[in-house]
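Take a look at the structure below.
The values are calculated or read from the model by the stated rules, or taken from the named source; none is laboratory data. Only a predicted model underlies this, so the values are computations on that prediction, with no experimental measurement involved. Note that each Cβ is placed from the backbone with ideal geometry, even for glycine, and that neighbours are counted across all protein chains shown. Note: accessible area is taken over every heavy atom of the protein model, side chains too, but ligands, DNA and RNA are not part of it. Shrake-Rupley method; radii C 1.70, N 1.55, O 1.52, S 1.80 Å.
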Amino acid sequence: MNDAQQSIIAYCRPGYEVDTGNELTELATQKALYGYPVFKAGEGYIRFQFHEPEHAEQFINEVAVSDTIFPRQMFLVLASIAIEDKSDRIGPVVHALAQSDISRCGTLFVDYPDTEEGKALAKLCRKFAVPLRQALRARDYLTRKEQLNLAALHVFFTSGEACYVGVSQAKMRSPFENGICRLKFPPKAPSRSTLKLEEALLTMLSARQREAICRAGARAVDLGACPGGWTYQLVSRDMHVEAVDNGKMADDLMATGLVDYRAEDGFKYRPQMGHVELLVCDMIEKPDRVAALMANWLTRNWATHAIFNLKLPMKRRYETVRAAIEAVGSQLASANIKATMVIRHLYHNRDEVTVAVIREI
Ligand SMILES: C[S@@+](CC[C@H](N)C(=O)[O-])C[C@H]1O[C@@H](n2cnc3c(N)ncnc32)[C@H](O)[C@@H]1O
């Protein structure tokens with residue numbers, strides 16, 4: 001067994017390898033699983049090396065991508081492959097699978113890092129996926145029809161000559177190619193920020209939560225709303241929005257009749273009717289200040305649920321996020337509020353993470 005077989009691969013935004021490594025180290029340690037991250041800064045992924053092979057397997061079976069902050073995708077490594085003959089990339093993958101004891105998988109991902117070098121591999125991955133899928137089906141490593149409820153096979157190219165082959169469980173992985181939720185920019189939205197809230201609503205809430213919270217006629221407050229990308233998402237779900245900001249809101253949004261614009265300080269604002277279903281906040285402020293404000297709204301029941309962004313500092317980003325989240329968590333606990341907290345570094349985020357605090361519904 002070589003080293004790579006005791007490890008997992010986690011993709012992340014390039015530049016976030018340290019944070020991803022810190023997070024996985026802490027998550028593993030909490031489970032009494034031990035290892036260390038191996039990476040080069042800017043490569044858009046890390047390999048987390050466990051000391052014991054069964055620790056890697058336990059980790060991947062117990063920690064879902066959606067439970068983490070920085071990883072976009074994770075899989076258990078079965079083999080690290082150096083491709084010597086570029087005319088045959090399939091042979092080494094099949095050979096690696098033959099050496100493993102995996103059972104039949106339901107789908108195949110052929111991915112690459114989200115870097116400039118990685119993007120140059122996109123064409124190769126697309127072209128390679130078709131014959132590889134056929135070869136794997138012919139050898140019974142893959143079901144004839146895609147079955148998303150089964151384990152997935154991953155081939156992750158780090159260059160044209162090297163790839164990792166691995167496996168993930170259905171409920172634990174990201175459903176997206178390269179772990180990236182791509183969205184089309186809605187032409188009528190006033191800012192690209194709209195995609196952050198759209199991605200959050202689609203990937204951080206269950207369908208049931210989305211329907212219950214973002215329903216027609218429900219009320220929301222948007223702190224730091226201008227020019228209105230987040231408000232756009234709520235209004236397009238027929239919600240009434242109190243949009244708070246000193247800036248200017250897009251005229252189209254105002255024309256919907258669903259927006260109540262307030263030129264006020266988001267740190268002092270109170271909901272007009274004493275309560276809203278959803279509080280959203282995209283003010284660029286210190287994370288601890290935003291976290292305290294969100295906790296205040298939730299514990300005073302000015303809002304039932306909250307979705308907000310926390311701006312990340314240049315250093316100690318994972319630690320800063322954890323501290324802010326723990327502050328919110330302990331305030332909710334002392335107010336006896338039961339809520340799930342999901343924190344994700346979304347594809348459409350830059351140097352910020354999105355937090356969804358959803359009360360039990
Ligand atoms: C990143 S922008 C928000 C973009 C918006 N979510 C969108 O999708 O169009 C941050 C906004 O927060 C506002 N802001 C910052 N501090 C604020 C405060 N104390 N009260 C109200 N708004 C504030 C800024 O004026 C700015 O418009």
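In terms of the mean number of neighbouring beta-carbon atoms within 10 Å, the peptides 221-227, 168-174, 149-155 order highest first as 221-227, 149-155, 168-174. If you run the Gaussian network model on the chain, springs between alpha carbon atoms under 10 Å, then out of VAL259, VAL65, VAL130 the most flexible one is VAL130. So for the range 1-99, considering every pair of alpha-carbon atoms, how many percent are separated by more than 16 Å? That fraction is 56 percent.
Taking only the C-alpha atoms of the range 269-361, Rg followed by Dmax gives 12.7, 40 Å. Amide H to amide H, with H built 1.01 Å from N, ASP260 comes under 5 Å of VAL241, GLU242, ALA243, counting only residues 5 or more places away or on other chains. Of all the options HIS275, HIS305, HIS95, the one that moves most in a Gaussian network model of the chain with Cα springs shorter than 10 angstrom is HIS95. Phi angles across the range 15-24 convert, under the Karplus curve 6.51 cos²θ - 1.76 cosθ + 1.60 with θ = phi - 60°, into 3J(HN,Hα) values of x, 10, 5, 4, 5, 5, x, 4, 5, 5 Hz, Gly and Pro given as x. Heavy atoms of the protein chains alone define the surface here; on that basis the range 3-179 has 45 Å² accessible area per residue at 1.4 Å probe size. Label sites at GLU117 and MET341, each approximated as a point 7 angstrom past Cα along Cα to Cβ, lie 3.7 nm apart.
Volume per residue for the range 92-195 equals 129 cubic angstrom (convex hull of Cα atoms). Accessible surface comparison of MET74, MET314, probe 1.4 Å, protein chains only, largest first: the order is MET314, MET74.
Report the Stokes-Einstein translational diffusion coefficient (µm² s⁻¹, integer) for the range 3-179, Rh taken as the Kirkwood radius over Cα pairs, at 20 °C with viscosity 1.002 mPa s. This corresponds to a translational diffusion coefficient of 133 µm²/s. Computed from the alpha carbon positions, the gyration tensor of the chain leads to an equivalent ellipsoid with semi-axes of 41, 22, 18 Å, biggest first. Phi angles across the range 310-315 convert, under the Karplus curve 6.51 cos²θ - 1.76 cosθ + 1.60 with θ = phi - 60°, into 3J(HN,Hα) values of 10, 5, 8, x, 6, 10 Hz, Gly and Pro given as x. Scaled against 2.2 N^0.38 Å for its residue count N, the alpha carbon radius of gyration of the range 196-279 is 1.03.
Sequentially through the range 36-41, phi angles give Karplus couplings (6.51, -1.76, 1.60; θ = phi - 60°) of 8, x, 10, 6, 10, 4 Hz, Gly and Pro residues having no value and appearing as x. Round to a whole number: what % of the accessible area of the chain belongs to carbon and sulfur, probe 1.4 Å? The C+S portion of the solvent-accessible surface of the chain is 49 percent. The order of the peptides 328-335, 77-84, 110-117 by mean Cβ neighbours within 10 Å, most packed first, is 110-117, 77-84, 328-335. Close amide H partners of CYS226, meaning residues 5 or more places away or on another chain with modelled amide H under 5 Å apart, are GLY247. Using a/c under 1.5 as the rounded threshold, could you call the range 194-359 rounded, prolate or oblate? The axes a ≥ b ≥ c are square roots of the C-alpha gyration tensor eigenvalues, and prolate needs a/b larger than b/c, oblate otherwise. Verdict is rounded for the range 194-359.
Measuring nothing but how far apart in sequence close Cα pairs (under 8 Å, 6+ apart) lie, relative to its length, the chain scores a relative contact order of 13 percent. Between LYS184 and LYS145, the C-beta separation translates, for a Förster distance of 22 Å, into a calculated FRET efficiency of about 0.20.
If I take R0 = 35 Å and measure r between the Cβ atoms of SER103 and ASP67 in this structure, what FRET efficiency does the formula 1/(1 + (r/R0)^6) give, to the nearest 0.05? For SER103 and ASP67, the calculated efficiency is 0.90. For the listed residue pairs LYS196/LYS248; LYS286/LYS338; LYS86/LYS123; LYS40/LYS123; LYS188/LYS248, the alpha carbons are over 18 angstrom apart in LYS196/LYS248; LYS286/LYS338; LYS40/LYS123.
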